[in-house]
1. Would you please calculate the Kirkwood hydrodynamic radius of segment 12-52 over all C-alpha pairs and express it in Å, rounded to one decimal?
2. So how far apart, in nm, are the two label points at Ala63 and Ala83 if each is 7 Å from Cα heading toward Cβ?
Amino acid sequence: MDNQIQKQLEDILPEDIARTFESAYHVIKGDNEHVEDLLRHGGALLRKASQRLTPTQLVLGIAVLAAGAVLVLTKYSDQIQDAIEDFTDGDDAPEPAKDAKPAGK
């Protein structure tokens with residue numbers, strides 16, 4: 001019985017970890033095309049890890065990942081805000097006419 005369970009568990013390979021970190025590196029560098037790869041590789045790694053870890057270990061691992069994400073976002077928050085401002089630089093808003101007289105006067 002234990003032998004069958006062991007065969008059903010998938011091993012976490014170094015390639016799984018490398019692919020996940022590579023995708024995360026590309027996303028952090030700003031290549032948003034790799035977000036889908038990051039989600040796919042990270043999900044596969046999480047699925048494999050969840051088969052091996054106890055629920056407490058899994059929750060602590062996810063908490064560490066979340067804390068890491070918060071630290072990365074905190075570190076790059078100014079750059080993210082600048083990118084958002086550059087992306088939405090006011091092209092959509094009409095500019096008021098400079099010589100227009102106020103209404104009602």
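Only the coordinates and a few stated rules stand behind these numbers; no lab work does. Computed from a prediction, not measured in an experiment: that's the story for all the values here. No Cβ is skipped: glycine too gets one built from the backbone with ideal geometry, and neighbour counts run over all protein chains shown.
1. Numbers: mean 1/r = 0.0987 Å⁻¹.
That comes to 10.1 Å for segment 12-52.
2. Distance between the two pseudo-spin positions: 3.0 nm.
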